[in-house]
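The values are calculated or read from the model by the stated rules, or taken from the named source; none is laboratory data. As the structure is a computational prediction, the values presented were derived from the model and not from experiment. In this analysis, Cβ positions are derived from the backbone assuming ideal geometry, glycine residues included, and neighbour counts consider all displayed protein chains.
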Amino acid sequence: MIRFHEVGLSYGDGADGGGETGLVLRNISFAVPSGGFRWLLGPSGAGKTSLLRLLYLAARPSRGEAVILGHPVHAAGRRDLVELRRRIGVVFQDFRLLAHLSVFDNVALPLRLAGRPEGQIRADVAEMLRWVGLAGRMAALPPTLSGGEQQRVAIARAVINRPDLILADEPTGNLDEAQAERLMQLLAELNRLGTSIIVATHQTALLARHPAPALRLDRGRLVGDG
Amino acid sequence: MARDGVRPREVRLRPAGFDELGLKRAFAPRLLPLLVAAMAFLAALTLVGMLAAAGLARHWREGAGASLTVQVPMPDAPAATGAGSRAEAVLTLLRAAPGIAAARRLSGAELDALLRPWLGATPGALGLAVPAVITVQRAAAAPLDEAALTARLAAPAPGTLVEAAAPWLARLAALARSLEALAALALVIVGAIAALVIAIATRAGLAARREALEIVHGLGASDGYIAARFAARALFLAAIGGVSGTLAALPVVVLLTRLAAPFTALAAPGRLSPADAVALPATLWLAVLPPAAAAIGWLTAEITVRRWLRRLP
Ligand SMILES: Nc1ncnc2c1ncn2[C@@H]1O[C@H](COP(=O)(O)OP(=O)(O)O)[C@@H](O)[C@H]1O
Ligand SMILES: [Mg+2]
């Protein structure tokens, strides 16, 4: 369950963190039930990435209250966020793969950080890479892959840990239509299995093919919910 | 949610050699082992100097505190009071006095040996009248009133002198103690510089791997997990430096110990075979330096990384 109540975010150093000028998100209030699916829409610069950063705990609210997977993160200590992050899978706009690690090791990383035994890891990662069509590239380094392939590695890494919440920031931006459709099928499948999902996009074509409630942002404010 | 029990497990299960932060390349400052080696070299010399000064201070302090010399002129003349010669009467009185553990009259041969370097011949050959010299060991804790003792000894043997062991021994002991303290201070400074060097190298490594750190942090790595990666590497680099610096210092230490041996012998005449007595503990103490360098490396990296990570949410 996710519940935001009058959340504000500023990227300032805190000096004017309370001032209206520094806020890139203001008065954001919404809720997403467990297992819910939401599109996150809005023009470029509206604050989609900023809102996702709050959700995947790369930033903390400057104001208001944010409850993520049942945890009040506005009041939590740093240590409390560590395990919460392991329950959230993120597909970044720019992939954020570790360039010096193989495709296999990139995808295995969340499992290793969670302390999963090495024996289980091998089978799970191999299975996941088959699923995203990269079984033959396990030993490759990310910089040697195409944009679409890197995207699929990022997706595999985001879902390998069977997270309770998946966040995707313009995930289809680097994919062709067939690949984008495949990704949406995967996300829909995970959503059916009970994973909450929020996907930021400005590609309205996707929206038409996969109708779902949407959070609409404009200039840092929530202008539509549903 | 943050269960402490989970954290050591995740570190153990990490496959050996798995370098998720890419530290083998990003945190491999070639200069670091070299600088730590230089620190270990300095620390080795300082440590040996400190131990030598400590040894000298102890010997000199014991020498200064524990003994008196009593000179009895015309030792063989009959005592003014009581029976026997003056020397015998003084000895009897000394042995009965409180606060005195032992008193022994130096033999003629010992006196000759003591005086020959000054006189160029034995006193007898020069026809000199030599007083009896009695060395007195004081009981450890008991205070001694020298003036009262002198007065008491003058009764059977007027002219008897009581001399507290040379004040220069006390001066030397104080000097050695100061040297010891200075050496300890120098050791602390060398350790602090090593920590500083390691902290700077660690911060450079953190800056070089900032993106990877943010990614791994975002995937749910704890501060302890990330700090442990850096600390393991810092420990390794500092240990290499510590071992090579200490080994390089070893020949110098042995040489210095040889040079210092006569002074140590002077401080504790006849009691030990001086070269060995100083050399052995000093070289053993040097074995502390590599683990100390490794520990400084580990601890500095842990603290530096944990502090740096606080900038991440
Ligand atoms: N790290 C940052 N520091 C300062 N301002 C930022 C930062 N990231 C984004 N912004 C600002 O916040 C606003 C929202 O950006 P963003 O969340 O990236 O929007 P979107 O993802 O919808 O394009 C923009 O005005 C952008 O300039
Ligand atoms: Mg964006």
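Structure notes:
- A:Leu109 within 14 Å of chain B (Cβ to nearest Cβ), away from ligand 2 (no atom under 16 Å from the Cβ) and crowded, with 17+ Cβ neighbours inside 10 Å: yes
- Of all residues in the stretch A:41-70, those satisfying the criterion of being away from ligand 2 (no atom under 16 Å from the Cβ) and within 21 Å of A:Val159 (Cβ to Cβ) are A:Leu57, A:Ile68, A:Leu69, A:Gly70.
- Test: A:Arg130 is within 16 Å of ligand 2 (Cβ to nearest atom), more than 14 Å from chain B (Cβ to nearest Cβ), more than 18 Å from the chain's Cα centre (by Cα) and charged (D, E, K, R): no
- Whichever residue in the stretch B:193-216 is at the interface with another protein chain (Cβ under 8 Å from one of its Cβ atoms) and not acidic (Asp, Glu) and, among such residues, is farthest from A:Arg79 (Cα to Cα): B:Ala212
- Criterion applied to A:Ala123, A:Ala212 was being more than 16 Å from ligand 1 (Cβ to nearest atom), assigned to a loop (DSSP other than H, G, I, E, B) and on the phi < 0 side of the Ramachandran plot, and the one residue passing it is A:Ala212.
- Annotation note: of A:Leu101, A:Leu129, the sole residue that is assigned to a helix (DSSP H, G or I), within 28 Å of B:Arg229 (Cα to Cα), among the aliphatic types (A, V, I, L, M) and away from ligand 1 (no atom under 16 Å from the Cβ) is A:Leu129.
- Test: residue in the stretch B:235-251 that is over 30 Å from B:Ser222 (Cβ atoms) and at pLDDT below 90: no
- Here A:Ala114 fulfils each of the conditions (1) out of contact with any Pro (no Cβ under 9 Å at 6 or more places or on another chain); (2) within 11 Å of chain B (Cβ to nearest Cβ); (3) within 16 Å of ligand 2 (Cβ to nearest atom) apart from (3).
- Scanning the stretch A:72-95 for residues that are away from ligand 2 (no atom under 16 Å from the Cβ) and touching an Asp or Glu at 6+ places or on another chain (Cβ under 7 Å) turns up A:Pro72, A:His74, A:Arg87.
- Counting only helices (runs of 4 or more DSSP H) that sit wholly inside the stretch B:130-239, those with at least 1 residues that are in the same structural domain as B:Ala52 (by TED's automatic domain parsing), free of Cβ contacts under 8 Å to residues at least 12 places away in the same chain and surrounded by fewer than 18 Cβ atoms within 10 Å (Cβ to Cβ) are B:167-208, B:210-218.
- Complete set of residues in the stretch A:28-87 that are under 17 Å from A:His5 (Cα atoms), within 16 Å of ligand 1 (Cβ to nearest atom) and of a type in the set (Ser, Thr, Tyr): A:Ser50, A:Tyr56, A:Ser62
- Test: A:Gly89 is crowded, with 20+ Cβ neighbours inside 10 Å, more than 8 Å from every other protein chain (Cβ to nearest Cβ) and assigned to a strand (DSSP E or B): yes
- The conditions of being more than 14 Å from chain B (Cβ to nearest Cβ), within 16 Å of ligand 2 (Cβ to nearest atom) and in contact (Cβ under 8 Å) with a residue 40 or more places away in the chain are met by A:Leu217.
- Qualifying residues in the stretch A:162-181 (those that are within 14 Å of chain B (Cβ to nearest Cβ) and either crowded, with 21+ Cβ neighbours inside 10 Å or within 16 Å of ligand 2 (Cβ to nearest atom) (or both)) - the one farthest from A:Leu109 (Cα to Cα): A:Asp169
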